1. Round to the nearest 10 and report in Å² the accessible area of residue 64, as given by a 1.4 Å probe over the protein chains' heavy atoms.
2. To two decimal places, what compactness ratio does region 58-98 give when its Cα radius of gyration is scaled by 2.2 N^0.38 Å?
3. Please list the radius of gyration and Dmax for region 1-60, considering alpha-carbon atoms only, with Å as the unit.
Amino acid sequence: MEYLREAFCNSFENALFEFMYSTGCRIGEIVLLDKESISLESRSAIVRGKGDKEREVYFNMRYEIWLRRYLEERMDTNRALFITERTPRRLSIAQMRYVIKRISSRTGINKSIHPHQLRHSYGTHMLNNGAPLEVIQNL
């Protein structure tokens, strides 16, 4: 994880990666997120998941810092939380995968990193820190 963090080039990459890692969200949930879905006060977000169900996810302070920087740099009015770098359009799943692949290629690690691996890393991190399996499954 630290090699990946060292490979970030901008606040967009930091914010996207840290959201994936700190919330354990599916990539399909992330692409649908709007800025209004985020609460910096409670460090949480409402995401729409499988079966069109809404759930609340929580993020860490590291993500809050990078999100604030990313949003301060944006000069657009797009509702989407994560937008393309050149033109302000909502990122697609394929574009998000490409960003993660681009970051992982900069690390020099001979292993390709995929967004779903970050979801598994989130679960493993929580399990290693004593969270009950039932809680992790609900999150």
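The values are calculated or read from the model by the stated rules, or taken from the named source; none is laboratory data. Predicted model, so just to flag it, every value in this text is computed and none were measured. The protein model used for the area step is the full one, side chains on, heavy atoms only, and it has no ligands, DNA or RNA in it. Shrake-Rupley method; radii C 1.70, N 1.55, O 1.52, S 1.80 Å.
1. Number for this one is 20 Å².
2. That ratio works out to 1.25.
3. For region 1-60, the Cα radius of gyration and maximum Cα-Cα distance read 12.1, 36 Å.
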